[in-house]
Amino acid sequence: MRTPIPTGKLSEDGSRLTLERTFGVGIEDVWAAVSEPARTARWFADWQPIEGDDSRVRYQMLHEEGSPEGIMTIEACEPPSRLVVITDESIGSWRLELTLTAEGDRTRLRLTHHLDPGIDVGDVGPGWEYYLDMLTAAEAGEPLPSFEDYYPAQRDHYTDQR
Amino acid sequence: MSRPAVSRHLRVLRQAGVVSDRVSGRQRIYELQPGPLLELRDWLDAFGTRWELNLDALETEVHRSARDRRLAKSDHNPEQESA
């Protein structure tokens, strides 16, 4: 695989990290890739509802050492264009926002990570580049990328924006 | 630290036998295995002892050379020895 180029942007005040990817398919298809368990399992995690709890889901990261589990709170779910989730304490209560925009027969995906103070953007930035490329590769049916190609190579791209 | 970075560290530690993992309910517990670290400590201890011995031997050798040189000098110029 060619060396991945970092794309993420940190907002002026350092409170938001934004990454974008464009897919050559319609918005419904990209929405399915980021919301249906069978599709999210290909690049990120399997997930299932928690009985009696409308706002939270249990997920299991299938592409990480030890396949760790966690719980996510769904703050907003507006198919096929907006999803806001808050991760649990196990990785630090991250507020993550996905927005999808149709552009002709293509779809632009924007991930916004609302950063809490103290988060090292040099660490999380390369993680997101990797995960969005996992999504891209899974959708294209290509081999999944390797995190070693992202970190620490992309660290400076993020720390330089602080 | 990002989750993939955690994974990478845990994988390396597990492959090196420094941590072991077990599943407990919905959690996976990683435990430090002191065995390989103790092995490393023994190796470093032995390494250190050997070097100490080597350095002691070197010191003895340096003293011996200096003494020999001094003796050789005094053989040629016996008067300097008393000066």
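So here's what we get for this one:
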{"quantity": "Mean Cβ neighbour count within 10 Å, used as a protection proxy, ranking B:53-59, A:61-67, B:11-17 highest first", "calculated": "A:61-67, B:11-17, B:53-59"}
{"quantity": "GluC sites (Glu not before Pro) restricted to DSSP loop in the range A:82-112 with at most 14 other C-beta within 10 Å", "calculated": "A:Glu89"}
{"quantity": "Dipole magnitude of the range A:35-162 about its Cα centre (Cβ charges: Lys, Arg +1; Asp, Glu -1), debye to nearest 20", "calculated": "340 debye"}
{"quantity": "Theoretical ellipticity at 222 nm over the protein assembly as shown - DSSP helices of four or more residues, -39500 (n - 2.57) apiece, nearest 500", "calculated": "-13500 deg cm²/dmol"}
{"quantity": "Under Karplus coefficients 6.51, -1.76 and 1.60, residue-wise ³J(HN,Hα) of the range A:29-43 in Hz, glycine/proline x", "calculated": "5, 5, 4, 4, 5, 9, 10, 7, x, 5, 8, 5, 4, 5, 10"}
{"quantity": "10 Å Cβ neighbours from other chains, averaged over peptide A:121-130", "calculated": "3"}
{"quantity": "Amide H contacts under 5 Å for A:Ala45, placed H, 5+ residues apart", "calculated": "A:Leu62"}
{"quantity": "Calculated from backbone phi, Karplus (6.51, -1.76, 1.60) coupling profile of the range A:134-148 in Hz, x at Gly/Pro", "calculated": "4, 4, 4, 5, 4, 5, 8, x, 9, x, 6, x, 10, 4, 4"}
{"quantity": "Cβ-defined net charge surrounding B:Ala66, 12 Å radius [Lys, Arg +1; Asp, Glu -1]", "calculated": "+2"}
{"quantity": "Within 10 Å of each Cβ in A:3-10, the average number of Cβ atoms from other chains", "calculated": "0"}
{"quantity": "Packing rank of A:133-139, B:29-35, where each peptide gets the mean count of other beta carbons within 10 Å, highest leading", "calculated": "A:133-139, B:29-35"}
{"quantity": "Sequence-distant residues sharing a close amide H with A:Glu75 (under 5 Å, placed H)", "calculated": "A:Val84, A:Val85, A:Ile86"}
{"quantity": "Geometric extent, Cα atoms of chain A - Rg, Dmax (angstrom)", "calculated": "15.3, 46"}
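Every number in this text was worked out from the coordinates using simple rules, so none of it is lab data. Keep in mind it's a predicted model, so treat the numbers as computed, not measured. Positions of Cβ are generated from backbone atoms using ideal geometry, with glycine treated the same way; all protein chains shown enter the neighbour counts.
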